[in-house]
Amino acid sequence: MTARRTALNLTVRTVTAALLLLLAACSSSGDGDGGGGTDGGGTAGSRPSATASGPAKGAASSPATTGPTRAPGTPTHAATGRGAPAYWHPRARTPWQWQLSGTVDTSVDVPVYDIDGFENGAEVVRKLHAAGRKVICYINVGAWESFRPDSGKFPASVRGEGDGWDGERWLDIRRVDVLRPLMAARFDMCREKGFDAVEPDLMDGYANTTGFPLTAAQQITYNRMIADLAHERGLAVGLKNDVGQVATLVRYFDFAVNEECAQYDECAQMAPFIAADKPVFHVEYKLKAGQFCPQAKKLGLSSMVKHLSLDAWRDPC
């Protein structure tokens with residue numbers, strides 16, 4: 001690696017010297033028309049249009065498919081010298097459907113669907129795209145799931161206490177050396193199936209009994225890594241719950257997915273996302289719509305009541 005880098009530096013210095021000689025020659029030629037310069041518009045560095053992979057031709061425009069590719073103030077990979085493809089940026093107050101069990105009902109008239117990334121193939125995503133929908137890929141990033149096809153790739157050392165669901169155990173998010181490539185492979189799957197975004201589940205292990213001494217700072221590091229993995233693949237990414245760290249993490253995520261903020265009187269804490277014109281996709285399981293929808297609408301949340309099983313049924317605000 002060192003030898004290759006040295007050779008590259010020598011080549012760069014040689015080319016640079018040649019360019020300086022050429023520029024000096026051009027300057028002495030007396031040609032002062034200024035031609036051949038870079039267009040001040042900077043088109044060489046422009047990103048593809050956000051609507052390049054938007055709804056099918058002829059589909060009606062919706063809040064989910066308009067607006068900038070990247071929100072103002074959102075970090076980019078340019079700061080670290082890395083390029084990143086353009087990705088979808090949903091707008092606040094966009095209606096949605098969330099279905100993680102059963103055959104996906106593609107007839108719900110909303111611009112955004114959130115469905116299981118493992119359980120659904122590219123044909124489901126294509127069908128939803130043909131109807132003008134954007135599609136989010138649900139992936140568990142905080143717990144090991146015994147029923148997933150890649151479960152054997154997670155060593156026992158990163159599996160902690162159960163998270164309350166059969167066949168699931170919290171992950172040791174400190175072990176980014178193990179988890180990063182596994183999550184990258186999952187996000188690759190989402191991209192290959194044509195999804196527009198990722199919903200990474202269980203991003204608040206530090207606030208739960210996981211079997212590991214996780215800290216809030218370690219959770220922030222892990223969650224930012226998850227956001228980077230998505231953006232590097234041209235996928236938007238949502239912050240799932242982790243209400244206590246919204247103010248810190250909002251700039252790295254393109255939307256939020258929240259469960260029961262009304263039940264626990266936490267919905268106002270999601271305000272930074274709405275202020276940044278990023279949607280908060282919100283569900284309640286125990287409350288009825290009339291008990292929380294007035295507040296949810298006032299806050300600008302995209303809210304509905306769902307069964308805990310997250311089947312097709314929904315009662316939106």
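The values are calculated or read from the model by the stated rules, or taken from the named source; none is laboratory data. It should be emphasised that the depicted structure is a prediction, and the values quoted were computed from it without experimental measurement. Virtual Cβ from ideal backbone geometry, glycine too; neighbours counted across all protein chains shown. Please note that ligands, DNA and RNA were not included when accessible areas were found on the heavy atoms of the full protein model with its side chains. Shrake-Rupley method; radii C 1.70, N 1.55, O 1.52, S 1.80 Å.
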Subject >> Residue check for residue 234: open to solvent by less than 40 Å² (accessible area, probe 1.4 Å) and of a type outside the set (D, E, K, R) >> reply: yes
Original post:
Does segment 273-292 hold any residues that are more than 18 Å from residue 313 (Cα to Cα), open to solvent by 10 Å² or more (accessible area, probe 1.4 Å) and of a type in the set (A, V, I, L, M), and which are they?
Top reply: 274, 275, 276
Subject >> Per-region count, segment 188-202, residues part of a loop (DSSP other than H, G, I, E, B) and surrounded by 24 or more Cβ atoms within 10 Å (Cβ to Cβ) >> reply: 2
**OP:** Can you give me the number of residues within segment 145-187 that are over 25 Å from residue 258 (Cα atoms) and either charged (D, E, K, R) or in a loop (DSSP other than H, G, I, E, B) (or both)?
**Re:** 7
**OP:** Return the residue satisfying two criteria in turn: it lies in segment 259-269 and is among the hydrophobic types (A, V, I, L, M, F, W, C) and either touching a strand residue (DSSP E or B) at 6+ places or on another chain (Cβ under 6 Å) or part of a loop (DSSP other than H, G, I, E, B) (or both), and of such residues it is surrounded by the most Cβ atoms within 10 Å (Cβ to Cβ).
**Re:** 261
Original post:
Scanning for something open to solvent by less than 40 Å² (accessible area, probe 1.4 Å) and closer than 24 Å to residue 302 by Cβ, does segment 205-222 turn up at least one residue?
Top reply: no
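Okay, residues lined up against (1) outside any loop (DSSP other than H, G, I, E, B); (2) under 24 Å from residue 254 (Cβ atoms); (3) modelled with pLDDT of 95 or more:
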site	(1), (2), (3)
271	yes, yes, yes
278	no, yes, yes
287	no, no, yes
294	yes, no, yes
307	no, no, yes
312	no, no, yes
Original post:
In this structure, does residue 126 turn out to be open to solvent by 10 Å² or more (accessible area, probe 1.4 Å), out of contact with any Phe, Trp or Tyr (no Cβ under 6 Å at 6 or more places or on another chain), assigned to a helix (DSSP H, G or I) and more than 26 Å from residue 308 (Cβ to Cβ)?
Top reply: yes
